[in-house]
Every structure is written in C-alpha cells, then in structure tokens.
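Report on the following structure.
The values are calculated or read from the model by the stated rules, or taken from the named source; none is laboratory data. This structure is a prediction, so every number in the text was calculated from the model and none was measured. Quick reminder, even Gly has a Cβ in these numbers, built from the backbone with ideal geometry, and neighbours come from all protein chains shown. Keep in mind that these areas ignore ligands, DNA and RNA; they rest on the heavy atoms of the full protein, side chains included. Shrake-Rupley method; radii C 1.70, N 1.55, O 1.52, S 1.80 Å.
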Amino acid sequence: MEVQDLHMWVIGNWKMNGSQEFVSVFFRSLSSQSVPHGVSPVLCPPYPYISHVGDAITAHKKNYALGAQDLSAHEVGAHTGEVCGSMLQDCGCTYVLVGHAERKDDLSTVVAKVSVAQKAGLCPIICVGESEKGNFALLDEQLKKIFPATMKTPFLIAYEPLWAIGSTTPPSLEYINDALARIRGHFASLAFTDEVVILYGGSVTETFIETILPHTTLQGVLLGRASLSPSSWEHFLHLVGKHAVSSREDRS
Ligand code: PGA
C-alpha cells in the first residue's frame, strides 16, 4: 500500500467578530505548540484587523498564513467601500475566501472574484455547496458555472452545504462522499489534470475530524465558530494534524 504525505489545511473564518483587543488576547493565549507537520493554518479576520493579525503572527512567530473573507470583483478604482485583491496582497494575505454563502454572491460575481484574486497573486478558497439538503442539482450548477475547462490554478475548494453552516451537526459520511464524488466527477469530466484540493466547512466538530475526515478525500476544514477561541483553534490544528500523513488508498 502506497503511503504518501497528505497536506491538510485548517482555515479559520472569524466572520464579523473581533477587535484589536481580541487579536492581542487571542495570540497571547496561544500555547507554544508548533503547527503539526503537514498542516497549513490560515486565519481570515475581518478587513480592519488583517494587519493586526499579520503583525501578531510575526510577533508570536506563528507559522500561520493570512487570508481575507472576501474581495471586490473589480481590480481597482471607483468602488466605494470595496477592497481589491492587490490591497489584500499588500497587507500580507496569501488566501481569500470567495463565494462564502453568507456573501450571497451570484455565480458570475464568484467567477469574477476568483479571476481577480488569482491575478493579484492570491489563492482563492472557493466555497460551493447546496442551499437545500439533498438538492445536489444546485451544487452541480455551481460547479458548471464556476469551474470551466479553462480553470486556472491555484485554488482550493471549500465544500460548505449552506444548511450545515452555523448549525449543530455536519452531514453524514455518506452524504459528504456523495458531494465529493460530484465535485471530483466534474473535474474528471473536464479532464482537469492538476490535483483538486477540497476542504469541508459547516459546523465542524471534533467527532467530524475523528470519524468522518479520515474516510474521505478531504484535505482539511474551514472553521467558523471553532476558530474564535485560541484553545479550540489549536485543538483543531492538532486533530487535523493527526490525519496529515495518511494512505490515499484508505481514504478513497
Ligand atoms: P461554522 O461556520 O463552523 O460556525 O458552522 C462555517 C463557515 O461558515 O465557514
């Protein structure tokens, strides 16, 4: 059996939570534990605190990457209140969430945002997921519109069924594997040859990481509420780290 390193991502989406004080306390409360081998942690604070988090990452010598929660579909110019990809990159971001269900972007806006993010040198974390439990036709439509045969890299996909976000229970193993098969099937139909990294988001629990993640082809998780407490954040890094080296054969 071939055993390979399986790189994992843990994304923390702070949503509209935090303050300068929150950032200081969060980083002061982290332990001296290093990031588990094979895990890439990414923190996505609200825009005003991106630089504070970037400074704290440096000051506390944490091996975390910085991401934003959204970006403008435009590159520059007269778009009051918007923030473009080059500004995020200038502030130290290397990742950006695109199309999170709470943004309610239409699919053409998601496509435009993915393109400007990549142009600015950011890796978009593209959120997809059906809004109604079991209605996979909605997922298929997103896949068709967002990922054309000419899709460029880099990007990560976060499979986030809307109905599971902010709830108490994530979907079952069988449900997740059905969704993953549809996503992977879409890329196979495009004859896409690059590796497609898929994360899961929506009420991720410890049980999810221990009993579901290892039996899927998922390469990490997108945390909302669970990323807001330093102890929970570090706990999830550790839990996901346990699956960073694994056999692909076991997980297919
Ligand atoms: P949750 O949020 O973990 O609080 O459900 C997940 C998300 O919206 O990405």
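Against the list (1) open to solvent by 20 Å² or more (accessible area, probe 1.4 Å); (2) closer than 20 Å to residue 239 by Cα, the condition residue 19 fails is (2).
How many residues are in contact (Cβ under 8 Å) with a residue 24 or more places away in the chain and closer than 20 Å to residue 157 by Cβ when one looks only at the stretch 67-104?
19
Residue count for the stretch 126-175 under the criterion of being of a type in the set (Asp, Glu) and not in a helix (DSSP H, G or I): the result is 3.
Do we have residue 138 as of a type outside the set (Ser, Thr, Tyr) and out of contact with any helix residue (DSSP H, G or I) (no Cβ under 7 Å at 6 or more places or on another chain) here? So that I can check it myself, show each step before the final result.
Working: of a type outside the set (Ser, Thr, Tyr): yes; out of contact with any helix residue (DSSP H, G or I) (no Cβ under 7 Å at 6 or more places or on another chain): yes.
Here the answer is yes, as residue 138 does meet what is asked.
Could you count how many residues in the stretch 1-50 are assigned to a strand (DSSP E or B), more than 16 Å from the ligand (Cβ to nearest atom) and within 21 Å of the chain's Cα centre (by Cα)?
So the first thing to find is which residues in the stretch 1-50 are assigned to a strand (DSSP E or B), and the list is 4-5, 8-13, 39-44.
Pick out the ones that are also more than 16 Å from the ligand (Cβ to nearest atom) and you get 4-5, 8, 39-40.
Narrowing further to those that are within 21 Å of the chain's Cα centre (by Cα): 5, 8, 39-40.
Number satisfying all stated conditions: 4.
Of the listed requirements (1) touching a residue at least 60 places away in the same chain (Cβ under 8 Å); (2) assigned to a helix (DSSP H, G or I); (3) not small (Gly, Ala, Ser), residue 178 misses just one: (1).
Assess whether residue 240 counts as being assigned to a helix (DSSP H, G or I), open to solvent by less than 40 Å² (accessible area, probe 1.4 Å) and either within 16 Å of the ligand (Cβ to nearest atom) or out of contact with any Gly (no Cβ under 9 Å at 6 or more places or on another chain) (or both). So that I can check it myself, show each step before the final result.
Numbers: assigned to a helix (DSSP H, G or I): yes; open to solvent by less than 40 Å² (accessible area, probe 1.4 Å): yes; either within 16 Å of the ligand (Cβ to nearest atom) or out of contact with any Gly (no Cβ under 9 Å at 6 or more places or on another chain) (or both): yes.
When the stated conditions are applied, residue 240 passes them.
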